[in-house]
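The values are calculated or read from the model by the stated rules, or taken from the named source; none is laboratory data. Keep in mind the model is a prediction, meaning the values are calculated, not measured. Quick reminder, even Gly has a Cβ in these numbers, built from the backbone with ideal geometry, and neighbours come from all protein chains shown. Keep in mind that these areas ignore ligands, DNA and RNA; they rest on the heavy atoms of the full protein, side chains included. Shrake-Rupley method; radii C 1.70, N 1.55, O 1.52, S 1.80 Å.
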Amino acid sequence: MASEHSPLDQKILEYFPGLVVRKDLTTELKQNAVVPTYVLEYLLGQHCATDDPTLIAEGLESVRRILAKHYVHRNQAELVKSTIKERGTHKVIDKLTVELNDKAGFYEVEFTNLGLKKVPIEVDFIKRYPKLLVGGIWAITDVEYELPTDPKASPWQISTVKPIQVAGVDHDEFLAARAKFSTDEWMDVLMQSVGFNPEHFSRRAKLLTLIRLIPFCERNYNLLELGPKGTGKSHIFAEFSPHGMLISGSEVTAPKLFVSNANGKIGLVGYWDCICFDEFAGKDKKVDKTLVDIMKNYMANRTFSRGIEQLSAEASMVFMGNTQKSVAYMLKHSHFYEPLPDKYIDSAFIDRIHAFNPGWEVAPVRHELFCTGYGFVVDYIAEVLKHLRTEDYTGLYKPFFEISSEVSTRDQTGFEKTFSGLMKILHPDGKASKEEIAELLEFAMECRRRVREQILRIDDTFKANDFIYRDLETGKTVTVLTPEETQYPAFAGLRPLASQTGGGATELTPGEGSQATESRTTSPVASSGASGIESPEDASTSPPLQADATFPQPESSSLKEHHLVVPENSKGWSYRRLFGDYLRGATGIIIRDPYIRAFHQIRNLVEFLRMVNEITPVGDEVTVHLITGSDQDAMEKQVDNLGQLQDSFAGTSTPFTWEIDASPNFHARSITTNTGWKITLDRGLDLFQWFEFNVFNAAAAVQEARLVKGCEINYIRQPEDKL
């Protein structure tokens with residue numbers, strides 16, 4: 001049977017017996033149970049921690065029976081209550097939260113799915129599991145039913161509570177087993193453990209994923225990640241560990257997070273290792289300025305106040321949010337913090353962030369990215385990471401490298417904590433080669449540099465400094481840049497035009513050492529990681545972006561109204577040739593075409609969007625809105641395809657939106673720009689005859705190689721902004 005597994009899977013099974021599960025089993029069970037992954041894998045670890053197919057099948061069936069019998073689905077809550085009443089007692093798997101009934105002087109439980117409230121619970125359970133009071137825990141609970149003599153008392157009673165978590169971890173055994181794996185193998189083990197197939201990730205992509213584990217193993221670590229939606233930003237914090245709490249950014253209050261002045265009750269930071277604020281971005285979010293001030297103090301000093309008393313906590317803070325603009329657009333026109341609520345665009349608050357993970361580099365989550373191999377039962381690795389919170393690896397680079405004195409203390413603290421966390425995750429024994437340490441140090445410095453560089457765009461009281469380290473053996477110095485600085489050097493050094501500290505969009509001007517060239521590159525080369533530029537004499541800046549000489553932009557005044565006839569069966573026509581000159585300079589385009597429905601019609605739309613993207617100057621944005629028709633038979637698939645298209649173009653230079661016009665009188669087809677041009681098309685975008693769509697056919701890649709159907713096009717000037 002072992003031959004059916006990959007070499008890595010065989011190795012995991014050999015050195016971590018009983019502590020790993022096949023991750024596709026989790027996915028299979030997850031479809032039918034709305035519970036965190038660590039709850040499912042707790043059960044799988046007890047019944048399916050083997051590579052024997054027969055035992056796996058039996059174990060999986062056992063887990064299904066347990067879930068069917070004991071897991072409470074909300075729509076079956078009354079049936080479960082009935083079962084408890086008729087039998088007198090029954091085990092349930094549910095999330096429990098507890099509150100103190102201060103008038104009666106005892107504690108009461110609420111079952112999330114079962115719906116029972118105000119069920120009394122013994123104080124001993126509260127002392128053993130204090131997280132019951134803050135956020136609650138998943139547990140296997142024996143619930144009893146007995147009619148009380150006092151009609152005011154609850155008939156429901158709790159006899160046992162067993163939190164869903166591993167019993168304990170032998171850390172020395174873990175380190176001995178880890179030593180059997182190379183660094184590359186270990187990275188893949190961790191990727192599989194969080195549910196991803198490592199074959200589909202580059203080394204840098206793995207680091208961008210694994211940095212999300214640092215808040216679980218590093219005390220008081222503050223991480224920010226902004227990027228397009230659908231990249232799995234919150235997955236780890238919702239599913240991975242019983243020591244983490246995921247809350248909506250809009251639900252954050254000072255009493256919930258820190259302390260209630262009304263009753264002195266400590267909030268989430270006192271009980272959880274990691275608190276993740278999901279959907280943190282959004283200008284419409286209501287934010288309490290007092291909370292921001294408390295968070296600033298806590299993130300810097302680990303302390304908060306209860307009256308005159310100073311309290312401390314170790315919870316790490318993670319802020320996750322979605323971006324709507326492309327990286328180039330944000331660099332050219334504003335800053336990366338622009339999506340955040342205004343009160344959080346505060347240089348003092350942001351300066352407390354230790355690392356900014358570039359979520360735009362993370363691939364959208366799709367089916368083939370998920371793992372089918374073996375990985376740790378997530379609760380086990382979560383306990384390992386919790387144990388590592390007591391270690392301090394911040395100085396392990398110092399025997400090899402020295403940080404430049406130009407780097408500020410806060411910057412150095414930031415990247416040292418990131419470095420420490422990555423070392424704990426990848427090299428938990430603290431031993432790594434010089435090259436491996438350099439890789440992690442550069443990545444950590446890059447993530448902190450991104451924080452600092454964007455602060456410089458919102459607050460001109462902060463001073464720029466390079467992130468430089470020196471190799472103690474060779475004497476060479478390395479200047480660390482972010483990939484976006486090397487990809488878009490024309491926009492990298494922009495600074496506030498006037499003194500500004502916080503707020504929304506900022507008017508920018510070239511800073512010292514920046515390149516003010518604002519032009520388009522025909523083939524920008526993205527860095528595959530943080531750019532280390534060796535030695536100051538070699539630290540030449542990338543050359544200015546070159547203007548696109550192939551498609552010069554015509555003056556708007558040189559464009560004329562005219563009527564064009566495209567002959568039937570001719571070649572040499574493309575969207576760029578037909579529309580490009582009239583679309584240049586527009587920031588908004590509306591397409592009216594009732595027949596963007598079938599696959600080939602939506603493919604035409606994709607090619608139009610690609611053309612608009614290509615003629616848009618780097619750092620600018622052109623919104624494209626489609627108004628189209630539909631029919632009942634094909635509407636579901638059409639809506640799905642257009643929805644996917646909208647998601648995929650989010651964060652590009654060409655954000656796309658659409659709507660369905662159900663009017664029976666909708667027939668005319670046109671393209672309208674906010675620069676005053678309306679292009680009417682008797683065939684809409686459906687200009688091309690059928691062609692074989694395969695990679696070896698020129699027509700599939702080059703529109704000019706296709707035969708056209710023949711059409712007539714009118715170019716009409718109208719008042720600007722008449723969309």
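Picking from residues in the stretch 35-59 that are surrounded by fewer than 18 Cβ atoms within 10 Å (Cβ to Cβ) and either among the aromatic types (Phe, Trp, Tyr) or assigned to a helix (DSSP H, G or I) (or both), the one that is nearest to the chain's Cα centre (by Cα) is 46. Among the residues of the stretch 566-576, the ones that are at pLDDT 95 or above and open to solvent by 40 Å² or more (accessible area, probe 1.4 Å) come to 1 in all.
Residues that are over 23 Å from the mean Cα position of the chain (by Cα) and more than 18 Å from residue 611 (Cβ to Cβ) occur at least once in the stretch 650-659.
For first residues located in the stretch 280-292 and under 27 Å from residue 305 (Cα atoms) and at pLDDT 80 or above, partners that are in a helix (DSSP H, G or I) and open to solvent by 80 Å² or more (accessible area, probe 1.4 Å) and lie 6+ apart or on another chain with Cβ distances below 7 Å form the pairs 287/343; 289/343; 292/343.
In the stretch 644-670, the residues that are closer than 22 Å to residue 331 by Cα and in contact (Cβ under 8 Å) with a residue 24 or more places away in the chain reach residues that are open to solvent by 60 Å² or more (accessible area, probe 1.4 Å) and β-branched (Val, Ile, Thr) with C-beta atoms within less than 6 angstrom, at least six apart or across chains, in these pairs: 655/623. Among the residues making up the stretch 352-374, those that are part of a loop (DSSP other than H, G, I, E, B) and modelled with pLDDT of 80 or more are 352, 353, 354, 362, 363, 364, 371, 372, 373.
Residues being in a loop (DSSP other than H, G, I, E, B), hydrophobic (A, V, I, L, M, F, W, C), loosely packed, with under 14 Cβ neighbours inside 10 Å and at pLDDT 90 or above are represented in the stretch 664-678 by at least one member. Of 83, 97, 149, all but one fail to be surrounded by 14 or more Cβ atoms within 10 Å (Cβ to Cβ), of a type in the set (Ser, Thr, Tyr) and not in a helix (DSSP H, G or I); the exception is 97. Considering only residues in the stretch 168-201 that are in a helix (DSSP H, G or I) and touching a strand residue (DSSP E or B) at 6+ places or on another chain (Cβ under 9 Å), the one that is nearest to residue 388 (Cα to Cα) turns out to be 190. With respect to the stated conditions, residue 209 is of a type in the set (Val, Ile, Thr), on the phi < 0 side of the Ramachandran plot and assigned to a helix (DSSP H, G or I). Can you confirm whether residue 204 is under 26 Å from residue 371 (Cα atoms), touching a residue at least 24 places away in the same chain (Cβ under 8 Å) and buried (at least 22 other Cβ atoms within 10 Å of the Cβ)? Answer is no for this residue.
Residue 695 meets the conditions (1) among the hydrophobic types (A, V, I, L, M, F, W, C); (2) part of a strand (DSSP E or B); (3) free of Cβ contacts under 8 Å to residues at least 12 places away in the same chain in every case but one. The failed one is (2).
State whether the residues of the stretch 409-420 include one that is within 24 Å of residue 463 (Cβ to Cβ), in contact (Cβ under 8 Å) with a residue 40 or more places away in the chain and among the β-branched types (Val, Ile, Thr). There is at least one residue in the stretch 409-420 that is within 24 Å of residue 463 (Cβ to Cβ), in contact (Cβ under 8 Å) with a residue 40 or more places away in the chain and among the β-branched types (Val, Ile, Thr). Here the stretch 225-245 is the region considered, the condition is being among the aliphatic types (A, V, I, L, M) and open to solvent by 10 Å² or more (accessible area, probe 1.4 Å), and the residue that is farthest from the chain's Cα centre (by Cα) is 245.
Here residue 606 passes the criteria (1) over 16 Å from residue 653 (Cα atoms); (2) touching a helix residue (DSSP H, G or I) at 6+ places or on another chain (Cβ under 7 Å); (3) in a helix (DSSP H, G or I) except the one numbered (1).
Applying the criterion of being in contact with a helix residue (DSSP H, G or I) (Cβ under 9 Å, 6 or more places away or on another chain) and not polar (S, T, N, Q) to the residues of the stretch 24-34, the residue that is surrounded by the fewest Cβ atoms within 10 Å (Cβ to Cβ) is 34. Annotation: residue 152 fulfils all but one of (1) touching a residue at least 12 places away in the same chain (Cβ under 8 Å); (2) more than 20 Å from residue 89 (Cα to Cα); (3) basic (Lys, Arg); the unmet one is (1).
Every residue, every condition in (1) of a type outside the set (Gly, Ala, Ser); (2) crowded, with 18+ Cβ neighbours inside 10 Å; (3) not in a loop (DSSP other than H, G, I, E, B), yes or no:
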residue	(1), (2), (3)
272	yes, yes, no
284	yes, no, no
297	yes, no, yes
305	no, no, yes
317	yes, yes, yes
325	yes, yes, no
339	yes, yes, no
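When the stretch 582-609 is filtered for residues that are of a type in the set (Lys, Arg) and more than 16 Å from residue 639 (Cβ to Cβ), the ones remaining, listed by number, are 584, 592, 603.
Starting from residues that are out of contact with any helix residue (DSSP H, G or I) (no Cβ under 6 Å at 6 or more places or on another chain) and either surrounded by 17 or more Cβ atoms within 10 Å (Cβ to Cβ) or free of Cβ contacts under 8 Å to residues at least 12 places away in the same chain (or both), keep the ones in the stretch 166-180 and report whichever is farthest from residue 244 (Cα to Cα). Taking the candidates together, the pick is 176. Here the stretch 636-663 is the region considered, the condition is being assigned to a helix (DSSP H, G or I) and open to solvent by 60 Å² or more (accessible area, probe 1.4 Å), and the residue that is nearest to residue 588 (Cα to Cα) is 646. Out of 248, 260, report the one residue that is without any contact (Cβ under 8 Å) to a residue 12 or more places away in the chain and closer than 21 Å to residue 296 by Cα. Testing whether each residue is without any contact (Cβ under 8 Å) to a residue 12 or more places away in the chain and closer than 21 Å to residue 296 by Cα leaves just 260. Can you confirm whether residue 347 is touching a Ser or Thr at 6+ places or on another chain (Cβ under 9 Å) and hydroxyl-bearing (Ser, Thr, Tyr)? Yes; evaluated as a whole, the condition is true for this residue.
Where helices (runs of 4 or more DSSP H) fall entirely within the stretch 375-464, those with at least 2 residues that are open to solvent by less than 10 Å² (accessible area, probe 1.4 Å) and farther than 16 Å from residue 354 by Cα are at 378-388, 409-426.
Of these, 501, 517, 521, which one is more than 24 Å from residue 357 (Cα to Cα), surrounded by fewer than 19 Cβ atoms within 10 Å (Cβ to Cβ), touching an Asp or Glu at 6+ places or on another chain (Cβ under 9 Å) and at pLDDT below 90? None of the others qualify; the one that does is 521. Summed over the stretch 125-146, residues that are modelled with pLDDT under 90, touching a Ser or Thr at 6+ places or on another chain (Cβ under 8 Å) and open to solvent by 50 Å² or more (accessible area, probe 1.4 Å) total 0.
Within the stretch 82-123, being among the polar types (S, T, N, Q) and closer than 14 Å to residue 142 by Cβ holds for 83, 89.
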